[in-house]
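The values are calculated or read from the model by the stated rules, or taken from the named source; none is laboratory data. Quantities reported herein were computed from a predicted structural model and do not represent experimental measurements. We place every Cβ from the backbone using ideal geometry, glycine too, and count neighbours over all the protein chains shown.
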Amino acid sequence: MSLFATQKIVLQLNWLSQFQFAGYYVAKEMGYYKDVGMDVEIKEFNNQIDLSSVVKKDGADFAVGRSSLLIDKINGKDVVALGAILQEDPLMLLVRDDSNISSLSDLKNKQIMLTDDAKSTASIMAMLSSSGITQKDIEIVPHSFNLDDLIKRKVDAVASYISNEPIVMEDKGIGYKIFHPKDYGFQFYSDILFTSSDFIKKNPKLTRDFYEASIKGWEYAFENISHTAEIIYKRHNTQHKTLIQLIKEGEILKRLAYSKNGTIGNLDIDRLNDIVKVYKVLGLSSKDVNLDTFIYEYNHPKELIFKLSYDRIFHIALLVVIFLIILTFVILFISFRKHWLHTKGDLKKEIANQKKEIEKQNKLILVQSRMAAIGEMLSNIAHQWRQPLNIISLNTVKIETSILLGNKMANEDLLEVTGEINRQSQYLSQTIDDFKNYFNSNVDSLAPFNLEDAIQKLNKLTKDTFNNSHIEIVVRVEDCTLAQNESLFIQALLNIYNNAIQAIIEREATYRYFFVDAKRDANGAILTLKDSGGGIDAESMSKIFEPYYTTKHKSKGTGLGMYITYGIITEQFGGAISVNNAEYDYMGHTLKGAEFIITIPTVKKS
C-alpha cells in the first residue's frame with residue numbers, strides 16, 4: 001500500500017460499463033491504482049462527450065478511444081496513445097442468418113444501421129468498399145443501439161460489437177452471421193488508452209504508473225475471467241447484464257487482446273501506417289502523421305527481433321530426383337518383395353518389372369510433390385496479396401466515385417491515388433519474383449551462401465502466414481557461410497516451420513512464438529528451431545521422420561515433409577537432425593514445444 005497521499009485521477013470510458021473495461025475496474029477494486037498513490041474515478045460515456053478533447057479540456061486525465069484518434073492527431077489535437085487494449089476491433093456487421101445475406105455483395109440496396117460518425121465505422125466502410133460497395137449502394141440508417149431493430153427485421157444489418165450483440169442473439173436463440181473487417185484485410189486497433197502530451201510532460205511518473213497499473217489490471221482480468229465478471233456484475237453493472245453474458249464477453253475479448261508477443265497494449269507503427277492509408281483512401285484524412293509522437297514511449301519493450309508476424313500453410317514437397325528413386329526403391333522393395341529370386345532369368349524379369357513399377361511410382365510422387373508445391377506457392381501469394389489488393393481496390397473506387405458524382409479530382413490528389421496504386425502493384429510484382437526465384441532454383445547445384453541471408457529469404461516467404469496466425473518469430477543467427485544448396489536448405493527448414501505453425505494453431509496456444517537460433521562451430525553450423533505449440537506426443541515422436549507418417553488430415557499433408565527434411569539434412573548435406581520436447585521461459589512466460597537440433601557441415605565430405 002502507498003505511504004503517500006493519493007491523487008485524484010479521472011478515466012473517461014467510450015461506452016457504458018461492461019467487461020470491455022474490466023482491466024480498469026480490476027485495477028481499482030484490487031488496489032493496483034491505490035498502490036501507486038491514485039484514487040481513480042471511472043466515468044461512463046454519454047453523448048455530450050467529445051472523447052478526443054476530453055483530456056485537453058480537463059474533463060479527464062485519461063480516456064479510452066478508437067483508431068480514429070489518428071485522425072484527431074492529424075487534425076492537430078494533442079493525443080498520445082498509451083496502449084491498444086484490443087489488437088483487433090470488435091466492430092463488425094451483424095445480420096440474421098435467415099436474411100438471405102451470405103456475402104457482402106448481398107448487402108447492396110439493403111438497410112444498414114451505422115453510427116453518424118464516419119470515423120467510428122471506417123473499418124466497416126473500408127470492408128464494403130473493398131468488395132465494390134459504396135455508400136450510394138446501401139441505405140444507412142442512424143444507429144438506435146437497439147438490437148430489436150435487427151431481430152424484428154426493421155433493418156437488414158447493424159454495426160455491432162462481436163463481444164456483445166451476438167451473445168444476446170444466442171441467448172434469444174436467433175441465428176446470425178458476422179462480417180468482420182479483419183477477415184477482409186482491415187485490422188484496426190480498438191479501446192486505445194490515451195492522454196495528452198501536455199499531461200505526460202507535467203506528470204511523467206504518474207502517467208507511467210497509471211499505464212502499468214492498468215495493464216496489470218487487464219492481465220488479472222483475462223487470467224481470472226469469472227472473478228472479474230463477478231466484480232463487474234456486483235458493482236458496475238449499469239447495463240444489467242447477466243453474469244454469464246459478462247463471462248462470455250470476457251472470453252471473446254481475451255482472444256482480441258493479446259499481441260503477437262503475448263503482451264497487452266502493444267502498438268505497431270507499421271500497422272498504424274496501414275490504418276492511416278485506409279483513412280486517406282476513404283477521404284477521412286489527407287495528411288500524414290508523426291507516429292513517433294503518437295505512440296507513448298513506454299508502450300512496450302523495444303526488442304531486436306524479426307516480427308513476422310495466422311493462416312495456414314501446407315508443406316512443400318520438392319524432391320530431388322535421386323532421392324525420389326532411393327525412396328521409392330526402398331518402399332517397393334519392402335512392400336512387394338519379401339523373398340530372394342533364385343534364378344537368373346527370374347531375376348532379369350523381376351528387375352524389368354521393378355523398373356516399370358519404379359517409373360510409375362516416380363511419376364505419381366512427382367505429380368504429388370509438384371501439385372503440393374503449386375498449392376503452397378498460391379497459398380503464400382494469396383496471403384501476401386490481400387492487403388495490397390484491398391488498397392488498390394479502395395483507390396480505384398475513390399476515382400470511380402469521383403467520376404460518378406461529377407467531382408473533379410485535383411491533380412495532386414489524382415497523382416497520390418495513382419502513385420499508391422503503382423506502389424502496391426510493384427509490391428505484387430516483387431512477390432511473384434520472390435516465389436519464382438525460389439521454385440526455379442537448381443536443386444543439384446552447390447554454392448556458398450550466407451546462413452543469415454537464407455533464413456531471411458525463408459522468413460520472407462512465410463511472413464504473412466506467421467502474421468495472420470499471430471505467431472512471432474524470434475531469430476538469432478551468427479555469421480556463417482555454408483557451401484551447400486541454399487534452395488534445399490530453405491526447403492528442409494520450411495517443413496519444420498509449417499509443422500510449428502500447424503501445432504500452435506491446433507493447440508490454440510495463448511503465447512505464440514517460433515525461435516530460430518543458428519550458431520557457427522568449427523565444422524559448420526548448429527541450428528535450433530523450437531515453437532510454443534505444446535510438444536509432440538510419444539508415438540508421433542518415434543515416427544516423425546518416417547515416410548507417409550502424418551498426424552494431420554489427409555487433405556492437409558502428404559506425410560513426406562519431415563522425411564524429406566531428414567533426407568536433405570543427412571543425405572544431401574551430410575549432417576544430422578534430432579527432435580525432442582523442450583520447456584523454456586521467454587518474456588516471463590513458461591513455454592513448451594517441439595525442439596529440432598540440426599548440424600550442417602560447411603561442405604559435405606565425399
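In the stretch 102-127, the residues that are over 19 Å from residue 70 (Cα atoms) form Cβ pairs under 8 Å with partners that are surrounded by fewer than 15 Cβ atoms within 10 Å (Cβ to Cβ) and among the hydroxyl-bearing types (Ser, Thr, Tyr), at six or more places apart or across chains, as follows: 113/144.
Could you please let me know if residue 540 is assigned by TED's automatic domain parsing to the domain that holds residue 482, at pLDDT below 80, over 25 Å from residue 452 (Cβ atoms) and in a helix (DSSP H, G or I)? Spelling it out, it is not the case that residue 540 is assigned by TED's automatic domain parsing to the domain that holds residue 482, at pLDDT below 80, over 25 Å from residue 452 (Cβ atoms) and in a helix (DSSP H, G or I). Out of all the residues in the stretch 171-192, which are among the hydroxyl-bearing types (Ser, Thr, Tyr) and in a loop (DSSP other than H, G, I, E, B)? Listed by number, the list holds a single entry, 189. Among the residues of the stretch 107-141, the ones that are in contact with an Asp or Glu (Cβ under 6 Å, 6 or more places away or on another chain) and surrounded by fewer than 21 Cβ atoms within 10 Å (Cβ to Cβ) come to 3 in all. For the stretch 247-263, the condition of being among the β-branched types (Val, Ile, Thr) and within 15 Å of the chain's Cα centre (by Cα) holds for at least one residue.
Please give the number of the condition residue 216 fails out of (1) outside any loop (DSSP other than H, G, I, E, B); (2) within 25 Å of the chain's Cα centre (by Cα); (3) under 20 Å from residue 18 (Cα atoms); (4) assigned by TED's automatic domain parsing to the domain that holds residue 123. Only one criterion in (1) outside any loop (DSSP other than H, G, I, E, B); (2) within 25 Å of the chain's Cα centre (by Cα); (3) under 20 Å from residue 18 (Cα atoms); (4) assigned by TED's automatic domain parsing to the domain that holds residue 123 is unmet by residue 216, namely (4).
Among the listed residues 433, 453, identify the single one that is of a type outside the set (Ser, Thr, Tyr) and at pLDDT 75 or above. Quick ask: steps written out before the conclusion?
Details: 433 fails: at pLDDT 75 or above.
Matching residue, one of 433, 453: 453.
Candidates are the residues of the stretch 165-208 that are surrounded by 18 or more Cβ atoms within 10 Å (Cβ to Cβ), polar (S, T, N, Q) and in contact with a helix residue (DSSP H, G or I) (Cβ under 9 Å, 6 or more places away or on another chain); the one that is nearest to residue 21 (Cα to Cα) is 190. For the stretch 117-137, the tally of residues that are assigned to a loop (DSSP other than H, G, I, E, B) and closer than 19 Å to residue 165 by Cβ stands at 3. Collect the residues in the stretch 242-265 that are in a loop (DSSP other than H, G, I, E, B) and surrounded by fewer than 21 Cβ atoms within 10 Å (Cβ to Cβ), keeping them in residue-number order. Hits for the stretch 242-265 are 242, 259, 262, 263. I'd like to check something: does the stretch 94-106 contain any residue that is within 27 Å of the chain's Cα centre (by Cα) and surrounded by 21 or more Cβ atoms within 10 Å (Cβ to Cβ)? Yes, the conditions are met somewhere in the stretch 94-106. Among the residues of the stretch 223-240, is there at least one that is of a type in the set (Ser, Thr, Tyr) and either surrounded by 19 or more Cβ atoms within 10 Å (Cβ to Cβ) or within 22 Å of residue 512 (Cβ to Cβ) (or both)? The answer is yes, given that some residue of the stretch 223-240 is of a type in the set (Ser, Thr, Tyr) and either surrounded by 19 or more Cβ atoms within 10 Å (Cβ to Cβ) or within 22 Å of residue 512 (Cβ to Cβ) (or both). With respect to residue 584, is the statement that it is closer than 17 Å to residue 530 by Cα, at pLDDT 85 or above and part of a helix (DSSP H, G or I) true? Answer is no for this residue.
Take residue 159 and decide whether it is small (Gly, Ala, Ser), outside any helix (DSSP H, G or I) and buried (at least 17 other Cβ atoms within 10 Å of the Cβ). Taking the combined requirement at face value, the residue satisfies it.
The one condition from (1) within 26 Å of the chain's Cα centre (by Cα); (2) in a loop (DSSP other than H, G, I, E, B); (3) not assigned by TED's automatic domain parsing to the domain that holds residue 145 that residue 48 does not meet is (1).
Every residue, every condition in (1) over 15 Å from residue 194 (Cβ atoms); (2) part of a helix (DSSP H, G or I), yes or no:
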residue	(1), (2)
26	yes, yes
57	no, no
60	no, no
84	no, no
92	yes, no
